[in-house]
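In what follows, a single structure is set out as structure tokens and then discussed.
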Amino acid sequence: MKGRKIILGITGSIAAYKAAMLLRSFMKKGAEVQVVMTPAAREFITPLTLSTLSGKPVVSEFFTRRDGSWHSHVDLGLWADVLLIAPATASTVGKMANGIADNMLVTTYLSCRAPVFVAPAMDLDMYAHPSTQQNLERLRSFGNRIIEPAEGELASHLTGKGRMEEPNRIVAILEDFFASRDDLRKKRILITAGPTYEKIDPVRFIGNYSSGRMGFALAQACADRGAEVELIAGPVSLQAAHPLIRRTDVESAGEMYAAATNLFPKTDAAILCAAVADYRPEAPQESKMKRESDERRTLPLVRNEDIAATLGRMKRAGQVVVGFALETDDGVVQATEKLKRKKLDMIVLNSLQDRGAGFRCDTNRVVMIDREGEMTPVPLKNKRDVATDIVAKLVTLLK
């Protein structure tokens, strides 16, 4: 953490006293810290205390003097290696999620190019409220990392989930982040994500339920570690905001195959997370098919090219190919056979038998199987956290 530049955002919560401990720990480890407070935060801890600990004036207002000078949220956002908001109240979380820039902290957040960590602190019912959970999920979708609050006694004297995580744990999380941040620097990773649509006629297609969330989470996790990411996305509504992610949009399996085989020779690894259709209609109609009087209609299908098998054959020494297997029965057996047949270096097994895993979920539970047969189970987690585990394993394979 030595030499790292951290913006510590503090909001109006009783947990603001923990910010002083956080700040002291960061300074002891050699970080440079700039504190940005909301006006409400000054009711809980004084700027003098924080300025004394950081050795820098605390920023709270846009204008502190009457001489025309002001604090530049843009400069702050460019200066930082990371922005940590701890504690983050429900109000600040809501403003961040909806772009309400009515104070210096939220404006700095909106201007910040660095990774953002958010440590919520609030009463258990506020934390559990659907609006708060929706706002937190929206922040996750922006690429922000949520440091989940702990359970315990709260300021209301009720007991439940809402306590800001302890400072030593937050410091450890940031240390781990900085330690892994450059693991993939100068590496180029190809990732496929989402479904494919195989056209029947101008208004109908064969598709699947993939949302693309797992693939986009993998792209974010790779970019966070410094990799240049080539993301090939099927038809999804997700956005990839990281500057190291270059996105190619496709619709059909054929288009994804062409993009993947074109880009793969220029990469160090491929993670094939997309749910690619195995078959496509043999002869898509140019005009809309009308409903016929016949009870049945036959739709001839032909097999699509196998992207994973093709890249497995194409890979050169040192390249790594990671595949995914979504199974309903005999998952480990089926995934292991697929790993060997397609010459993959690792396969990530999803099972539709596992509740909370697979398509249309924010969570996932997987088993990673490498070419030596070693199995690494990942328990049910948010897909962003599962992606972090998968990319950590990819780092070891590349080494």
Discussion item. Every residue in the stretch 127-136 that is surrounded by fewer than 18 Cβ atoms within 10 Å (Cβ to Cβ) and in contact with a strand residue (DSSP E or B) (Cβ under 9 Å, 6 or more places away or on another chain), please.
Written reply: Ala128
Worksheet item: Can you name the residue in the stretch 144-161 that is under 19 Å from the mean Cα position of the chain (by Cα) and aliphatic (A, V, I, L, M) and, of all such residues, is most open to solvent (accessible area, probe 1.4 Å)?
Response: Ile146
Worksheet item: Is the stretch 254-265 home to any residue that is touching a residue at least 40 places away in the same chain (Cβ under 8 Å), surrounded by 23 or more Cβ atoms within 10 Å (Cβ to Cβ) and touching a Lys or Arg at 6+ places or on another chain (Cβ under 7 Å)?
Response: no
Response to the item:
Given the conditions (1) farther than 18 Å from Ala219 by Cβ; (2) at pLDDT 95 or above, every one holds for Ile307 apart from (1)
Item to complete: Please determine, by comparing only the residues of the stretch 66-100 that are part of a loop (DSSP other than H, G, I, E, B), open to solvent by 50 Å² or more (accessible area, probe 1.4 Å) and among the hydrophobic types (A, V, I, L, M, F, W, C), which one is modelled with the highest pLDDT.
Response: Ile100
Worksheet item: Mind checking which residues of the stretch 355-388 are in contact with a helix residue (DSSP H, G or I) (Cβ under 9 Å, 6 or more places away or on another chain) and acidic (Asp, Glu)?
Response: Asp362, Asp370, Asp385
Worksheet item: Is at least one residue of the stretch 329-347 under 24 Å from Ser141 (Cα atoms) and at pLDDT 95 or above?
Response: no
Discussion item. Can you tell me which condition Pro300 does not meet? The list is (1) open to solvent by 60 Å² or more (accessible area, probe 1.4 Å); (2) over 22 Å from Phe177 (Cα atoms); (3) in contact with a Gly (Cβ under 6 Å, 6 or more places away or on another chain), and all the others hold.
Written reply: (3)
Practice prompt. Among the residues of the stretch 113-126, count how many are open to solvent by less than 60 Å² (accessible area, probe 1.4 Å) and over 21 Å from the mean Cα position of the chain (by Cα).
Written response: 4
Worksheet item: Only one residue in Thr328, Thr336 is under 27 Å from Val391 (Cβ atoms), surrounded by 12 or more Cβ atoms within 10 Å (Cβ to Cβ) and of a type outside the set (A, V, I, L, M, F, W, C), so which one is that?
Response: Thr336
Practice prompt. Assess whether Arg384 counts as being outside any strand (DSSP E or B) and open to solvent by less than 70 Å² (accessible area, probe 1.4 Å).
Written response: yes
Discussion item. Can you report the number of residues in the stretch 308-325 which are open to solvent by less than 40 Å² (accessible area, probe 1.4 Å), in contact with a strand residue (DSSP E or B) (Cβ under 6 Å, 6 or more places away or on another chain) and over 18 Å from Pro377 (Cβ atoms)?
Written reply: 5
Fill in: Selection from the stretch 311-364 of residues that are assigned to a loop (DSSP other than H, G, I, E, B) and closer than 26 Å to Asp268 by Cα
Lys315, Arg316, Ala317, Gly318, Gln319, Lys342, Lys343, Leu344, Asp345
Fill in: In the stretch 43-54, the residues that are open to solvent by 60 Å² or more (accessible area, probe 1.4 Å), in contact (Cβ under 8 Å) with a residue 24 or more places away in the chain and either on the phi > 0 side of the Ramachandran plot or not in a helix (DSSP H, G or I) (or both)
Phe44
Worksheet, complete the sentence: Filtering the stretch 91-117 for residues that are aliphatic (A, V, I, L, M) and out of contact with any Lys or Arg (no Cβ under 8 Å at 6 or more places or on another chain) leaves a count of 7
Practice prompt. Give the residues of the stretch 2-24 that are farther than 17 Å from Pro120 by Cβ and open to solvent by 40 Å² or more (accessible area, probe 1.4 Å), sorted by residue number.
Written response: Lys2, Gly3, Arg4, Lys5, Met21, Arg24
Discussion item. With the structure loaded, tell me whether Glu198 is among the acidic types (Asp, Glu) and open to solvent by 60 Å² or more (accessible area, probe 1.4 Å) or whether it fails that test.
Written reply: no
Worksheet item: Are there any pairs, at least 6 apart or on different chains, whose C-beta atoms fall under 8 Å, with the first in the stretch 203-217 and free of Cβ contacts under 8 Å to residues at least 12 places away in the same chain and the second open to solvent by 50 Å² or more (accessible area, probe 1.4 Å), and if so, which?
Response: Phe205/Tyr197; Phe205/Lys199
Worksheet item: Does the stretch 223-231 contain at least one residue that is touching a His at 6+ places or on another chain (Cβ under 7 Å) and either free of Cβ contacts under 8 Å to residues at least 40 places away in the same chain or not hydroxyl-bearing (Ser, Thr, Tyr) (or both)?
Response: yes
Fill in: Unique residue being open to solvent by less than 80 Å² (accessible area, probe 1.4 Å), without any contact (Cβ under 8 Å) to a residue 40 or more places away in the chain, within 24 Å of the chain's Cα centre (by Cα) and closer than 16 Å to Ile271 by Cβ when the list is Ile369, Ile390
Ile369
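The values are calculated or read from the model by the stated rules, or taken from the named source; none is laboratory data. Only a predicted model underlies this, so the values are computations on that prediction, with no experimental measurement involved. Neighbour counts are summed over all protein chains in view; Cβ atoms, including those assigned to glycine, are modelled from backbone coordinates with ideal geometry. Calculation scope for accessible area: heavy atoms of the full protein, side chains included, ligands and nucleic acids excluded. Shrake-Rupley method; radii C 1.70, N 1.55, O 1.52, S 1.80 Å.
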